[in-house]
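The values are calculated or read from the model by the stated rules, or taken from the named source; none is laboratory data. What you are looking at is a predicted structure, and each value in this text was computed from that prediction instead of being measured. In this analysis, Cβ positions are derived from the backbone assuming ideal geometry, glycine residues included, and neighbour counts consider all displayed protein chains.
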Amino acid sequence: MVLLYDVNLDDLMALQKESLCNSSIHIKRKLYGRLISTVSIFVLMLISLGRPPFLSEGILAIILTVVFFLIFNPLYDWLTLLSIKRIYKKSKPSPLLGQHKVTISKSGIERETDNFKDHYSWEDVERIGEDSEHFFLYVSDIFAIILKKETINLSTEEKAEYLKTIRGQTSKNLTL
């Protein structure tokens, strides 16, 4: 089965959003960053007083620390997406942008663009992520192949078969 579709900046950002939620590297960074920065902020607030804190100052320090603890993950996600978007907009066009021709077979996936051609067997795929418009086939914790659910060339029957094939791979040996 051959798929044709265009990948744009919105598709790359969708991949990054999915990766932020599900890749172990981002999960670990959020966990450690949240814990270390929250404890550091609390200790620095108390040390900056230069004396033992009054009860009201201690309560204020606790409240501010809890607020930071609660907003850390959304702030991390937002800043990461913002920096990635800036990088893509400032740099030369990404080799991932543009028309993709993807061939799906029982042995795996072959992807071809104007800039590169690669092949991955189904065993190379560690996990499959999904949102409303894409499948993300991860071949490592942070590297994924973007497959759009809506393609240029598939009929309704072919699209149903395509979705069934990808979801079948998910249910066989991968976690969503």
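Here is a check on your reading of the model: is residue 123 closer than 16 Å to residue 3 by Cβ and exposed (fewer than 15 other Cβ atoms within 10 Å of the Cβ)? In short, no. Scanning the range 1-20 for residues that are touching a residue at least 24 places away in the same chain (Cβ under 8 Å) and in a helix (DSSP H, G or I) yields 9, 11, 12, 13, 14, 15, 16, 17, 18, 19, 20. Within the range 140-152, the set of residues being under 19 Å from residue 94 (Cα atoms) and either surrounded by fewer than 17 Cβ atoms within 10 Å (Cβ to Cβ) or hydrophobic (A, V, I, L, M, F, W, C) (or both) comprises 142, 143, 144, 145, 146, 147. Of the strands (runs of 3 or more DSSP E) lying entirely inside the range 50-156, those containing at least 2 residues that are closer than 20 Å to residue 15 by Cα and either in contact with a Pro (Cβ under 8 Å, 6 or more places away or on another chain) or free of Cβ contacts under 8 Å to residues at least 40 places away in the same chain (or both) are 108-112, 117-121, 134-138. If you go through the range 24-41 and pick out every residue that is in contact with a Phe, Trp or Tyr (Cβ under 9 Å, 6 or more places away or on another chain) and either modelled with pLDDT under 90 or over 30 Å from residue 128 (Cα atoms) (or both), you end up with 3. When we screen 64, 97, 79 for residues that are within 24 Å of residue 22 (Cα to Cα), out of contact with any Gly (no Cβ under 7 Å at 6 or more places or on another chain) and modelled with pLDDT of 90 or more, the only hit is 79.
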